[in-house]
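Student: Sharing a structure, written as structure tokens. Questions coming.
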Amino acid sequence: MGLQIISYLCLIVFLSAVGLRIRKQWKMPVHFRWELYPVQHEPREKASYGGSYMEEVNWWEKKRRKSLINEIKYMVPEILLLRGLREENRSLWNVSFPFHFGLYLLFATLFLLFLGAIILVSGGKVSPGAGAFSSLVHYLTIVTGFLGLILGTLGVIGLIHRRLKDPNLKNYSSPLDFVNLFLFLLFLGVSLTAWLFFDHSFEGARGYIYSLITFGSWPEGAGGKIGVLGGFAAFLASLLFAYIPLTHMSHMFMKYFMYHSIRWEDTPNVKGSRLEAEILNNLGFKPTWVAPHIGADGKKTWADLAAPKPKEG
Amino acid sequence: MPEALKPSDISKPSKRLAHIRPEELPPLPPPYEDFNNKTIAELKEEKVAKVEASLDDTIAIGIPKPKNKEEEESYIRAFLSGLQKLFQKENNWGFLQPLLLSMDHCAKCQTCSESCPVFESSGRKEIYRPNFRSEVLRRLYRKYVKPFGKLSAKLTGDIDLNWTTISRLAELAYRCTLCRRCASVCPVGVDNGLITHEIRKLFSQELGIAPKEIHDKGTVQQLKVGSSTGMNPVAVKDSVEFIEEEMTELAGFKVEIPWDKEGAEVLLLHNAGEVLAWPENVGAFAIILQAAGISWTLSSESVGYDGVNYGVWYDDVQLARVAVKHAEIAKKLKVKKILIGECGHAHKALTIIADRVLTGDLNVPRESAVVLMDDIVQRGKLKLDPSRNNFPVTLHDPCNLVRLMGIVEPQRRILRKIAPKFREMTPHGVENYCCGGGSGFAIMSSFNFAEWRTLVSSRKKFLQILEAFKEEPLAVPKYVCAPCSNCKGAIRDILDYYQARERSNLHYGGLVELIVNAMEGMKKPMIKFGEE
């Protein structure tokens, strides 16, 4: 049960860290607009060349049109295929894509393992010939798991190699960047070895998820299949889960805010709106910048200081 | 080959961190090969003895060196205090969220590097790599702002903080034009342009350090005298009166430029630099608006006749002061909207950034003049004869107007209608290259900075212009249309420096000049090659 407790703790750290990061973003004060075009929620005819609603005469009198479909059409290949990196930095994409796609496949594997464990908890079986759905879960788990481990391992080896050999990357890399990559390599290497020699059908891994769901019990016959290596892989996976949201690797999900809250955040301020109320609140903050021309004294608000009265000349 | 610099090298004292070598710069094609040997004039020892000059071959600010250890330590304390304030909502609510996201999520993949015209055109000098200065700030932030930073610095990337670090970082913030091309290619969404902007802000708002052209002679002078050009209301009215006379002669009918007309539909905000350097632009606006029957006015109130807002490049308080003043004037005149003339940063400052400063009655609608011009042209409110513009024309896209504001097509629709030999640069639109004069560079000329700008930061634009016209014979005059005052200033300097009028018959100007040049019934042409 010791390993399971570690996994539970790591899951708590993961959920808390993700939650705190997201909460922090939601609590951020409204910022100045800083969008960058193309803004993908513009209608297709404008998004295609990077146009904005401000291309219209008297745009404030017109109803704004936004396209969620455009946004999705842009984001799906961006997330799944790393389109931006492929277009702008192909040689890095050659190693970064397999790594990231490998991780996506492992997330899918985790989901399938969870699904399989639920089937087992419900008294079913996950094996060939155990019904269409169970068979599908069985085979899909093997395919996504195998591909995920292979792609991820190749990708992380490629990334380590690039970061060590390319001075443009090496000179900017910190020891922690290498620690992160080697942590992934360790997890992927151990998992791949465990799969290769002990757990071809991920039965042991599914059993471990089962044990997490049932707080310690194992499905019949699966307990022994996870083995020492499988257990170590589960330990490393748990550790990574907890660790990722604490690092810059949280860009996996924080990218949402970088796009939606900054790059594409083009909401115009309208009189009487909630946005205006938030701006008014921010204008009430009391800055303490000390350069003489600012004239701040800790009592004057931003609104006071914005009244154009230069202090020097 | 010498080993490439690392971000931590910024703190190690040396005579110079980077040196531009002519043989490393992207070569210019014929007939400009002789410029391939040009180097930036060496800074004279006696001129730079008392100011910070150890970054590269030029100086943008000229920060006085500390006289003693105490002064040096006080600089460091002030820097650290400003650094803390960048990450406090009371002090930096306007950029806190974007800054934190860009600080915390860079994967250091360097995808941004290849998009930067300064990095590329400098012969890939490491200090100009977009992520170099960002990584310096990032390390300082992690070490001095984040909890346990000093303990974790060895693991996350260490950096020493001393006078050399601070003074070089301040200078380095003025080797980026804030074009944000790097941000547009970042796979994660990190914005090095924003980080540069924040470094500038820290120095201005906490240490009172900024280039004099954009602070003392810029926002401070604008708020005090009325314009960054130094023109007071009397001087500007005199100059515009002269423009009225010139335009009346050119048009063959009385051209009137209205002042302080209450209740007008439009308050036109020019970059006052146009009045002095390109009066034909001011005149062309007057002719078009009058011919189209638009009710419009200029303001003669202090600040109201100068649409520039240099605060957008370096200081949020100065930005807010100028923007509020513009809005107050529009409110007082009871105009329906503010029309922003051909000035890119004025667009960005008043329409985009100040949108989250102006509230209530100060939130007067703002519109780009390019958009209204397009409307006038497409609705057929002017009689136009495109054959009058029967010369090759290419379009420069001001970053502030295009990539940062999404106004891309109106200017192209106009050109397709009035310039039969219009052709695009490569790349263009939201992928454009900066003119090299962005973020204040066009007006900065202390020491040898203008030469650095022309040789390095504007080099890519010059190559683009040459490429756009490469099939055209020398005898044919060619027009670079740049609907932005700062861009025009930078392009003017490029053409002067490389003698491009003489060698390639290259000329430049705004968009409205081309429109008026195509108008039927004008007594004289607006564009007279060789007379600009």
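The values are calculated or read from the model by the stated rules, or taken from the named source; none is laboratory data. This is a predicted model, so every value here is computed, not measured. Cβ sites come from the backbone with ideal geometry, for glycine too, and all protein chains shown count toward neighbours.
Student: Among the residues of the stretch B:428-448, is there at least one that is among the aromatic types (F, W, Y) and closer than 16 Å to B:C179 by Cα? Give the steps one after another, and end with the answer.
Tutor: Going through the stretch B:428-448, the residues among the aromatic types (F, W, Y) turn out to be B:433, B:441, B:447.
Remaining after also requiring closer than 16 Å to B:C179 by Cα: B:433, B:441.
Scanning the stretch B:428-448 turns up at least one residue that is among the aromatic types (F, W, Y) and closer than 16 Å to B:C179 by Cα.
Student: Could you tell me which residue of the stretch B:42-52 is surrounded by the fewest Cβ atoms within 10 Å (Cβ to Cβ), considering only residues that are of a type outside the set (V, I, T) and touching a residue at least 60 places away in the same chain (Cβ under 8 Å)?
Tutor: Taking the stretch B:42-52 and keeping what is of a type outside the set (V, I, T), we get B:42-47, B:49-50, B:52.
From what is left, the residues that are touching a residue at least 60 places away in the same chain (Cβ under 8 Å) are B:43, B:47, B:52.
On the way: B:L43: 17, B:K47: 13, B:E52: 21.
The qualifying residue surrounded by the fewest Cβ atoms within 10 Å (Cβ to Cβ) is B:K47.
Student: Hey, among the residues in the stretch B:216-240 that are free of Cβ contacts under 8 Å to residues at least 12 places away in the same chain and farther than 22 Å from B:G82 by Cα, which one's nearest to the other protein chains (Cβ to nearest Cβ)?
Tutor: Looking at the filtered set, the residue picked out is B:K224.
Each row is one residue, and each column tells you yes or no for (1) assigned to a loop (DSSP other than H, G, I, E, B); (2) over 28 Å from B:L161 (Cα atoms); (3) not assigned by TED's automatic domain parsing to the domain that holds B:D160.
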{"residue": "B:S14", "(1), (2), (3)": "yes, no, no"}
{"residue": "B:H19", "(1), (2), (3)": "yes, no, no"}
{"residue": "B:P29", "(1), (2), (3)": "yes, yes, no"}
{"residue": "B:N36", "(1), (2), (3)": "no, yes, no"}
{"residue": "B:I59", "(1), (2), (3)": "yes, no, no"}
{"residue": "B:K67", "(1), (2), (3)": "yes, no, no"}
{"residue": "B:E71", "(1), (2), (3)": "no, no, no"}
{"residue": "B:Y75", "(1), (2), (3)": "no, no, no"}
{"residue": "B:L80", "(1), (2), (3)": "no, no, no"}
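Student: So, of the residues in the stretch B:40-60 that are over 27 Å from B:Y498 (Cβ atoms) and in contact with a helix residue (DSSP H, G or I) (Cβ under 8 Å, 6 or more places away or on another chain), which turns out to be farthest from the other protein chains (Cβ to nearest Cβ)? Can you show your working first?
Tutor: Taking the stretch B:40-60 and keeping what is over 27 Å from B:Y498 (Cβ atoms), we get B:45-46, B:49-52, B:54.
Narrowing the set further to residues that are in contact with a helix residue (DSSP H, G or I) (Cβ under 8 Å, 6 or more places away or on another chain) leaves B:52, B:54.
Working: B:E52: 18, B:S54: 20 Å.
Among those residues, the one meeting the criterion is B:S54.
Student: OK, next. Tell me whether the stretch B:81-90 contains one or more residues that are surrounded by fewer than 19 Cβ atoms within 10 Å (Cβ to Cβ) and touching a residue at least 60 places away in the same chain (Cβ under 8 Å).
Tutor: Yes, the stretch B:81-90 contains at least one residue that is surrounded by fewer than 19 Cβ atoms within 10 Å (Cβ to Cβ) and touching a residue at least 60 places away in the same chain (Cβ under 8 Å).
Student: Within the stretch B:461-511, count every residue that is surrounded by 24 or more Cβ atoms within 10 Å (Cβ to Cβ) and free of Cβ contacts under 8 Å to residues at least 24 places away in the same chain.
Tutor: Here the count works out to 0.
Student: Quick one: B:F148 ticks every box in (1) over 28 Å from the mean Cα position of the chain (by Cα); (2) within 12 Å of chain A (Cβ to nearest Cβ); (3) of a type outside the set (D, E) except a single one, so which number is it?
Tutor: It fails just one condition, (2).
Student: Same structure again: Just checking: which of the strands (runs of 3 or more DSSP E) contained wholly in the stretch B:333-424 hold 1 or more residues that are within 13 Å of chain A (Cβ to nearest Cβ) and buried (at least 20 other Cβ atoms within 10 Å of the Cβ)? Can you show your working first?
Tutor: Details: elements: B:337-340, B:366-368, B:393-395.
In the stretch B:333-424, B:337-340, B:366-368 are the strands (runs of 3 or more DSSP E) which contain 1 or more residues that are within 13 Å of chain A (Cβ to nearest Cβ) and buried (at least 20 other Cβ atoms within 10 Å of the Cβ).
Student: Test of understanding: among B:P22, B:P13, which residue is away from chain A (no Cβ under 14 Å), touching a helix residue (DSSP H, G or I) at 6+ places or on another chain (Cβ under 9 Å) and under 21 Å from B:Y174 (Cβ atoms)? Don't jump to the end; show me each part of the working.
Tutor: Details: B:P22 fails: under 21 Å from B:Y174 (Cβ atoms).
One residue alone meets the criteria, B:P13.
Student: Can you pull out the residues in the stretch A:261-284 that are part of a loop (DSSP other than H, G, I, E, B) and more than 30 Å from B:R403 (Cβ to Cβ)? Don't jump to the end; show me each part of the working.
Tutor: Taking the stretch A:261-284 as the starting set, the residues that turn out to be part of a loop (DSSP other than H, G, I, E, B) are A:264-273, A:284.
Passing the criteria: A:G272, A:G284.
Student: In the stretch A:260-269, which residues are facing another protein chain (nearest Cβ under 7 Å) and either at positive phi or surrounded by fewer than 21 Cβ atoms within 10 Å (Cβ to Cβ) (or both)?
Tutor: Of the residues in the stretch A:260-269, the ones facing another protein chain (nearest Cβ under 7 Å) are A:261-263, A:268-269.
Within the stretch A:260-269, A:S261, A:P268, A:N269 qualify.
Student: Could you check how many residues of the stretch B:66-112 are closer than 27 Å to B:R21 by Cα and more than 7 Å from chain A (Cβ to nearest Cβ)?
Tutor: 1
Per-residue answers, yes or no, for (1) within 12 Å of another protein chain (Cβ to nearest Cβ); (2) over 30 Å from A:L140 (Cα atoms):
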site: A:F14; (1), (2): no, no
site: A:A17; (1), (2): no, yes
site: A:H31; (1), (2): yes, yes
site: A:Y53; (1), (2): yes, yes
site: A:R64; (1), (2): no, yes
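Student: With the checklist (1) touching a Ser or Thr at 6+ places or on another chain (Cβ under 7 Å); (2) among the hydrophobic types (A, V, I, L, M, F, W, C); (3) facing chain A (nearest Cβ under 8 Å) in hand, flag the one item B:V118 doesn't pass.
Tutor: With (1) touching a Ser or Thr at 6+ places or on another chain (Cβ under 7 Å); (2) among the hydrophobic types (A, V, I, L, M, F, W, C); (3) facing chain A (nearest Cβ under 8 Å) applied to B:V118, the lone miss is (3).
Student: Against the condition farther than 30 Å from A:L151 by Cβ, in contact with an Asp or Glu (Cβ under 8 Å, 6 or more places away or on another chain), more than 7 Å from every other protein chain (Cβ to nearest Cβ) and not in a loop (DSSP other than H, G, I, E, B), how does A:K46 come out, does it pass?
Tutor: On the way: farther than 30 Å from A:L151 by Cβ: yes; in contact with an Asp or Glu (Cβ under 8 Å, 6 or more places away or on another chain): yes; more than 7 Å from every other protein chain (Cβ to nearest Cβ): yes; not in a loop (DSSP other than H, G, I, E, B): yes.
When the stated conditions are applied, A:K46 passes them.
Student: Oh, and also: When you go through (1) assigned to a loop (DSSP other than H, G, I, E, B); (2) free of Cβ contacts under 8 Å to residues at least 60 places away in the same chain one by one for A:L80, which number turns out not to apply?
Tutor: For A:L80, the failing item is (1).
Student: Sticking with this structure for a sec: Working carefully through the options B:E135, B:E198, B:E171, B:E213, find the one that is facing chain A (nearest Cβ under 9 Å), closer than 29 Å to B:C434 by Cα and at pLDDT 95 or above.
Tutor: Working: B:E198 fails: facing chain A (nearest Cβ under 9 Å); B:E171 fails: facing chain A (nearest Cβ under 9 Å); B:E213 fails: facing chain A (nearest Cβ under 9 Å).
Exactly one of B:E135, B:E198, B:E171, B:E213 is facing chain A (nearest Cβ under 9 Å), closer than 29 Å to B:C434 by Cα and at pLDDT 95 or above, namely B:E135.
Student: Sticking with this one: Restricting to the stretch B:174-192, count the residues that are more than 11 Å from chain A (Cβ to nearest Cβ) and among the charged types (D, E, K, R).
Tutor: 1
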